[in-house]
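Reading through the structure tokens given below for one structure.
The values are calculated or read from the model by the stated rules, or taken from the named source; none is laboratory data. Given the structure is predicted, the values throughout are model-derived calculations rather than measurements. Every residue, glycine among them, receives a Cβ derived from its backbone with ideal geometry; neighbour counts consider all protein chains shown. What goes into the accessible areas is simple: the full protein's heavy atoms, side chains included, and nothing from ligands, DNA or RNA. Shrake-Rupley method; radii C 1.70, N 1.55, O 1.52, S 1.80 Å.
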Amino acid sequence: ALKLKPDYPEAKENFYRVANWLVERWHFLMLNDRRRNHKYQQAIQKAVEGGCNTVLDIGTGTGILGMCAKKAGAAEVYACELSKTMYELACEVVTANGMNGRIKILHMKSLEMEVPKDIPKRVSLVVTETVDAGLFGEGIIESLIHAWNHLLLPPQSTQDPSRPPSQTGRVIPAGATVFGMAVQCLEIRRHHRLCVSEVGGLATAAAGELHSPVSCSSEDDSTEPYTTERLSRLPGGYTPLTEPFNALDIDFNNVQELEGLCSREVSRVRLPVTGEGLLDALAVWFQLHLDQESSLSTGPKEDTCWEQAIYPVQTPHNFPLRPGDELIVEISCRDAYLRLCSVAVARDGREFCLDDCLDPDKPRNNPGPSGNPNPSLNAEAELCSALACLGTEQSSGPRDYTMLECAEMALLNNQPYHDSFRRALAKLITNLKDARSVQGPSQGEGLEVMPLTDPPSGPMDPGPDPFYVLDVSEGFSVLSLMAASQGQVKAYSSVEKTQHQAVLRRLARANGVPEEALEFWLNQVEDEQAVLQRPSREKLWSAIILDCVETCGLVRQKLMEKATLARCLLEDGGQIFPERIVVYGMLVESDTLLLESAVQGQEPTLGFNIAPFINQFTVPVHVFLDLSTLQCRHLSDSVELFILDLMNTNANYTNRDVKVQASASGRVTAVPFWYQIHLNEEISVSTFNQDSHWKQAAVVLHQPLAVREGDWVRLNGKKNVSYTGPT
Ligand SMILES: CCc1ccncc1CNCCCCSC[C@H]1O[C@@H](n2ccc3c(N)ncnc32)[C@H](O)[C@@H]1O
């Protein structure tokens, strides 16, 4: 589509989505991290000069580590890469750097490699950086166990220390030290637990326990053991609740230790609590020991670009930790992932279970006769313990909970957003009621045609016609329930998952919403495509709630088409929500955004020519950006870029040029943008505030633009703000 119609915005956007997917953004971060590249080069050079002259680079990516080995003088260098895109890119890079035919690159996973099928004989050095924020997430343990058993020469051994390095196997990195720390962090909490007891006028207790898909304890594979965050850049920051502790040491040159890792029994550490606060998560990072002398750290205090692994606490417990307590944490390595769970708090010699990660099939600590699971506690502790174990199924079965995506959880916790919607819905219903009382039931096709059956028994008044409201939000949304709770409303929800529908049903009952006031729309429409249609042949909608902005910060595709269709399904005076979206942006200078978007020349990559190849996958729109904590200099005020009028689509102008005046001198590297979502004339919500579940997006300029204070810069607001030179 791009070739056919290069400026076709949908195709362009889809191309960017594919590019984002093919090559993860951390490739740019890693390659721009000159210190990391330099440390790896030093370690490899020392090993090769020390006699390791046959090298295998596992997970070569762009090929940079293999090229280091070759340049250091290794006689034979092999590399393997499981991603086809990266494999092809590595071949181009190696050729462009004059090493074609001198490094043998295989498109395969190291686990499939054999001697002599793939490499003629065992090698004396394996280099790899197949690690993620949780260290093991890229399978490095399994890869190295296989490498030691099939691809590497035998390790240095005390029996015959005389064996020369060229006849000895070793790995760079030589090992890792894993650290952990308990933290309080509201930004993590609101993405992983329900934090509000009321939202949009609805009491939330009846929802039952809600979990995000990040959990160490649940067996089902729909969850991941940890998520990742850059602690140093989380809105609102974090409060350490313990000192960093050593969670694990691993020696990559000891295959027995590697093989023993996953069968090692669970270890427990007791951590002195050093700060006051609610336990929201355990943060994990590591030092990668490249060799005896040098190491790389992914810690929150380092100003490296790496994220930390975050193990959020799932079970809501109102049990603030305080200095003097001890936090008991279990560390295990099940199915090749590092797993950390906070299991209990010790206070005054007694233990309270946080039962956050008790395995579902592990029997609960059933309460004693006093109904208290820890009979030896004193009164206050007894109360806390009862609260701490609140919601724990007394049965031995797994506690039932509902899974929400992190963005759905953050949305549910966003009270201002729901209050704005509640007020806007109430205003609309009031207006429609007034209009009805003036002119009677809506005329024409809206007329309710009573079914031709024998008259109802007795003078039953069918009551005033309900207002029909449709919520076509993506994912879990309580907006339909908020509408139904206004009274005289029949609300349809497009929530699809059975579990999510059950939560809405429970919330409806607990909030006094009559059963028949809330229906599930997708159970009614036969084909998904025709989601937008009348409630029934004779009825039209009073309100249709559309989902306009994706969590990543981009406007949903085909929004205007949906709005146009939705408008035709409205009764007189009916409304779609939102009615208007105003796009704002500003000029910023941000090296961080540059480093996450493209490799900045040859210098960071040890002089190797890599940038032009990997930068083919640069995308001009950077998404999932946390603009509130982005390191950047503002080079202009926020300006209105363009308007999407959903109630009157031909009023839109997205091709007009916008002139922005630089408020300071500097280099414009990006234009972040966000939205003001107008629900009606008076009420609007912003996608850029600390409660928002949305992230922001930014256009990253291909070339930074130097501006002096007072200069005018012209932005032409195509669908995705792209940038043309200064006026
Ligand atoms: C301080 C390091 C750091 C700390 C925290 N966060 C991130 C980092 C940076 N490391 C990110 C690399 C992570 C991706 S791994 C790099 C490349 O290797 C490939 N692969 C992975 C396993 C594998 C295998 N067994 N056989 C062949 N190929 C393999 C992947 O397809 C990828 O292209």
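For every residue, the table says whether it meets (1) in contact with an Asp or Glu (Cβ under 9 Å, 6 or more places away or on another chain); (2) part of a helix (DSSP H, G or I); (3) among the hydroxyl-bearing types (Ser, Thr, Tyr); (4) within 16 Å of the ligand (Cβ to nearest atom).
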{"residue": "35", "(1), (2), (3), (4)": "no, yes, no, yes"}
{"residue": "43", "(1), (2), (3), (4)": "yes, yes, no, yes"}
{"residue": "48", "(1), (2), (3), (4)": "no, yes, no, no"}
{"residue": "61", "(1), (2), (3), (4)": "yes, no, no, yes"}
{"residue": "70", "(1), (2), (3), (4)": "no, yes, no, no"}
{"residue": "77", "(1), (2), (3), (4)": "yes, no, no, yes"}
{"residue": "86", "(1), (2), (3), (4)": "no, yes, no, yes"}
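The strands (runs of 3 or more DSSP E) located wholly in segment 252-315 that include 2 or more residues which are within 16 Å of the ligand (Cβ to nearest atom) occupy 281-289, 295-297, 308-312.
Summed over segment 504-530, the residues that are in contact with a strand residue (DSSP E or B) (Cβ under 7 Å, 6 or more places away or on another chain) and not small (Gly, Ala, Ser) give a count of 7. Report yes if residue 126 is more than 10 Å from the ligand (Cβ to nearest atom), touching a strand residue (DSSP E or B) at 6+ places or on another chain (Cβ under 8 Å) and farther than 30 Å from residue 560 by Cα, otherwise no. Spelling it out, residue 126 is indeed more than 10 Å from the ligand (Cβ to nearest atom), touching a strand residue (DSSP E or B) at 6+ places or on another chain (Cβ under 8 Å) and farther than 30 Å from residue 560 by Cα.
The strands (runs of 3 or more DSSP E) found entirely in segment 603-680 that carry 2 or more residues being open to solvent by 20 Å² or more (accessible area, probe 1.4 Å) and under 27 Å from residue 561 (Cα atoms) are 621-625, 639-645, 666-678.
Once segment 316-340 is narrowed to residues that are assigned to a strand (DSSP E or B) and within 16 Å of the ligand (Cβ to nearest atom), the residue that is most open to solvent (accessible area, probe 1.4 Å) is 337. Checking the stated criteria, residue 661 turns out to be more than 19 Å from residue 559 (Cα to Cα) and polar (S, T, N, Q). Scan segment 88-113 for residues that are within 9 Å of the ligand (Cβ to nearest atom), open to solvent by less than 20 Å² (accessible area, probe 1.4 Å) and in a loop (DSSP other than H, G, I, E, B) and the total you get is 1. Applying the set (1) within 11 Å of the ligand (Cβ to nearest atom); (2) open to solvent by less than 30 Å² (accessible area, probe 1.4 Å); (3) outside any loop (DSSP other than H, G, I, E, B) to residue 55 leaves exactly one unmet item: (1).
Hey, does segment 6-17 have a residue that's modelled with pLDDT under 95 and over 30 Å from the mean Cα position of the chain (by Cα)? Looking for residues that are modelled with pLDDT under 95 and over 30 Å from the mean Cα position of the chain (by Cα), one finds at least one in segment 6-17, hence yes. Of the residues that make up segment 488-495, is at least one of a type in the set (Ser, Thr, Tyr) and out of contact with any strand residue (DSSP E or B) (no Cβ under 7 Å at 6 or more places or on another chain)? Within segment 488-495 (the criterion being of a type in the set (Ser, Thr, Tyr) and out of contact with any strand residue (DSSP E or B) (no Cβ under 7 Å at 6 or more places or on another chain)), the answer is no, since none of the residues qualifies. Of all residues in segment 72-87, those satisfying the criterion of being buried (at least 19 other Cβ atoms within 10 Å of the Cβ) and under 17 Å from residue 55 (Cβ atoms) are 72, 74, 77, 78, 79, 80, 81.
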